[in-house]
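A.B. asks: I have a structure here, written as structure tokens, and I will follow up with some questions on it.
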Amino acid sequence: MEPILKVENLVKRYTKQNLVGVPQEFLALDSVSFTVSAGATLAIVGESGSGKSTVASCIACLETPTGGNLWFEGKNLAHAAENELRNLRPQIQLIFPDPASSLNPRWTILDIVAEPLVVQGKLSRSERMTRAFSLLERVGLSAEIAERPASELSGGQRQRLAIARALTLQPKILILDEALSALDCSVQAQIATLLIELQSSLGMTFLFISHDLAMAAYLADEIAVMSRGQIVEHGPAVKILQTPASEATRQLLAAVPQLSHAPQPAAQR
């Protein structure tokens, strides 16, 4: 099966000025490569500053790579023209760690879900509302709260709303950048279960970005561990948990409390 996403030798450099105003180059991504099959979940895990969110931003076309290739269904995102990227961006949606920062608190829940369709000029108003109501129900939000402002929602409800909004344009890849990190454990489990159900019913491809190795193993088929802008280990989730090969992976495992009671890896469910 051809991968839906193929990342080849991805490089991202930033230039920043030091305290005395001299430009200095920072290498955020150093020849990162991996593939993701359609309908699968790849987790990219690493400590803060490892480069995992920069990978997500490049794939979502929010950052332009310095070098390398990003193949999405045979199209190279790294070298595509802006008009081509406008057509491709809706197919790759990104969910952020804190949904409150990406949702307008004054808008109604229904308007937030329907907004991507308005921006893209798709469907009539009645069709947009029908799709929005359907997506709210799909993510476990009652139609009775559709006219309420997003500011009234709990953290878990806001993340469900962010997921519904991301699904509005029927993307093929959903990138979850630390999407569970701001939630407490019980809500994390509920959202993780929702994601598994959505992937099963919609056949979507997930890229799960996290520092939580246990949750990554629960959701993902494969795990890529990043450290200092490079992938230092990549393989099936069970193998990464049971026989970690890199020091970065062992440190992430050591940070997981009571791993024996952690969620069961995807491959063992």
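The values are calculated or read from the model by the stated rules, or taken from the named source; none is laboratory data. For clarity, every value in this text was computed on a predicted model and none was experimentally measured. Every residue, glycine as well, gets a Cβ built from its backbone with ideal geometry; the counts of neighbours run over all protein chains shown.
A.B. asks: Does the stretch 93-112 contain any residue that is touching a residue at least 60 places away in the same chain (Cβ under 8 Å), within 25 Å of V187 (Cα to Cα), surrounded by fewer than 19 Cβ atoms within 10 Å (Cβ to Cβ) and among the acidic types (D, E)?
C.D. replies: The answer is yes; a qualifying residue exists.
A.B. asks: Taking the stretch 104-149, which residues are aliphatic (A, V, I, L, M) and farther than 11 Å from A164 by Cβ?
C.D. replies: L117, V118, V119, L123, M129, A143, I145
A.B. asks: Which number in (1) within 23 Å of S48 (Cα to Cα); (2) modelled with pLDDT of 95 or more marks the one condition that G155 misses?
C.D. replies: Condition (2) is where G155 drops out.
A.B. asks: Could we say that I145 is in contact (Cβ under 8 Å) with a residue 60 or more places away in the chain and either in contact with a helix residue (DSSP H, G or I) (Cβ under 8 Å, 6 or more places away or on another chain) or charged (D, E, K, R) (or both) here?
C.D. replies: Here the answer is no, as I145 does not meet what is asked.
A.B. asks: Further, regarding this structure: Right, E84: in a strand (DSSP E or B) and in contact with a strand residue (DSSP E or B) (Cβ under 8 Å, 6 or more places away or on another chain) or not?
C.D. replies: Spelling it out, it is not the case that E84 is in a strand (DSSP E or B) and in contact with a strand residue (DSSP E or B) (Cβ under 8 Å, 6 or more places away or on another chain).
A.B. asks: Now for a separate question. Report, ordered by the first and then the second residue, all pairs with beta carbons closer than 7 Å, sequence separation of six or more or different chains, a first member in the stretch 55-71 that is crowded, with 16+ Cβ neighbours inside 10 Å, and a second member that is basic (K, R) and in a strand (DSSP E or B).
C.D. replies: The qualifying pairs are C58/K12; E63/K12; P65/K12; T66/K12; T66/R13; W71/K6.
A.B. asks: Could you go through the stretch 12-30 and let me know if any residue there is polar (S, T, N, Q) and in contact (Cβ under 8 Å) with a residue 24 or more places away in the chain.
C.D. replies: No, that holds for no residue.
A.B. asks: Then there is this: So which of A192, A217 ends up being in contact with a helix residue (DSSP H, G or I) (Cβ under 7 Å, 6 or more places away or on another chain), over 30 Å from V11 (Cβ atoms), hydrophobic (A, V, I, L, M, F, W, C) and part of a helix (DSSP H, G or I)?
C.D. replies: Values: A217 fails: over 30 Å from V11 (Cβ atoms).
The conditions single out A192.
A.B. asks: Against the conditions (1) within 25 Å of L136 (Cα to Cα); (2) in a helix (DSSP H, G or I), where does F206 fall short? Just the number, please.
C.D. replies: Checking F206 against (1) within 25 Å of L136 (Cα to Cα); (2) in a helix (DSSP H, G or I), the one that fails is (2).
A.B. asks: For the list (1) in a helix (DSSP H, G or I); (2) at pLDDT below 90; (3) surrounded by fewer than 13 Cβ atoms within 10 Å (Cβ to Cβ), I need the number of the one condition that E127 fails.
C.D. replies: (2)
A.B. asks: Kindly evaluate S151 against the criterion of being among the polar types (S, T, N, Q) and either touching a helix residue (DSSP H, G or I) at 6+ places or on another chain (Cβ under 7 Å) or in a helix (DSSP H, G or I) (or both).
C.D. replies: Here the answer is yes, as S151 does meet what is asked.
A.B. asks: Separate question: Suppose we filter the stretch 169-179 for residues that are buried (at least 22 other Cβ atoms within 10 Å of the Cβ) and either in a loop (DSSP other than H, G, I, E, B) or over 12 Å from the mean Cα position of the chain (by Cα) (or both); how many remain?
C.D. replies: Within the stretch 169-179, the first condition is being buried (at least 22 other Cβ atoms within 10 Å of the Cβ), and the residues that meet it are 174-176, 179.
Cutting the leftovers down to either in a loop (DSSP other than H, G, I, E, B) or over 12 Å from the mean Cα position of the chain (by Cα) (or both) gives us 179.
Selection size over the stretch 169-179: 1.
A.B. asks: Checking A114 against (1) within 21 Å of the chain's Cα centre (by Cα); (2) over 27 Å from I196 (Cα atoms), which test does it fail?
C.D. replies: (2)
A.B. asks: Here is a list: S33, S57, S50. Which entry is modelled with pLDDT of 90 or more, of a type outside the set (V, I, T) and over 25 Å from Q199 (Cα atoms)?
C.D. replies: On inspection, the qualifying residue turns out to be S50.
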